[in-house]
Amino acid sequence: MVVVLINIESRDGEALQFKELNQGDCFGEMALLDLYPRSCSVKAVSECQVIEISQHCLFKLYQHDLEQFTIIQMNIGREISRRLRLTGEQLFHSEGV
């Protein structure tokens with residue numbers, strides 16, 4: 001099993017562990033859709049392989065194969081939507097509503 005730690009820098013500059021990722025999980029998808037700086041850092045704590053997809057690569061795919069580009073964009077949107085839904089559920093339960 002591969003474990004990847006996602007860290008978020010707190011207001012006092014300390015890195016806080018946010019989440020652990022496992023084999024098959026993705027990260028960094030928001031940076032492919034918006035132009036804002038990354039909101040966290042990722043560190044592998046065991047040997048792993050990753051696939052990097054840059055905005056430049058996505059643009060080349062858009063130019064070469066619009067159908068595949070669209071499928072990737074839809075899957076990125078679905079992943080972000082899934083995470084937003086989970087975050088909403090966690091907030092709902094943490095407030096005791």
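The values are calculated or read from the model by the stated rules, or taken from the named source; none is laboratory data. What you are looking at is a predicted structure, and each value in this text was computed from that prediction instead of being measured. Here the Cβ is made from the backbone with ideal geometry for all residues, glycine too, and neighbour counts use every protein chain on show.
For this structure, a couple of remarks:
- Residues that are surrounded by fewer than 10 Cβ atoms within 10 Å (Cβ to Cβ), acidic (Asp, Glu) and under 30 Å from Gly13 (Cβ atoms) within region 38-88 comprise Glu47, Glu52, listed in sequence order.
- From the options Phe92, Phe69, residue that is among the aromatic types (Phe, Trp, Tyr), over 17 Å from the mean Cα position of the chain (by Cα), modelled with pLDDT of 85 or more and in a helix (DSSP H, G or I): Phe69
- Scanning region 6-20 turns up no residue that is at pLDDT 85 or above and of a type outside the set (A, V, I, L, M).
- Selection over region 46-66 of residues that are assigned to a helix (DSSP H, G or I), over 16 Å from Phe27 (Cα atoms) and not hydrophobic (A, V, I, L, M, F, W, C) gives a count of 5.
- Of all residues in region 40-47, none satisfies being of a type in the set (A, V, I, L, M, F, W, C) and at pLDDT 85 or above.
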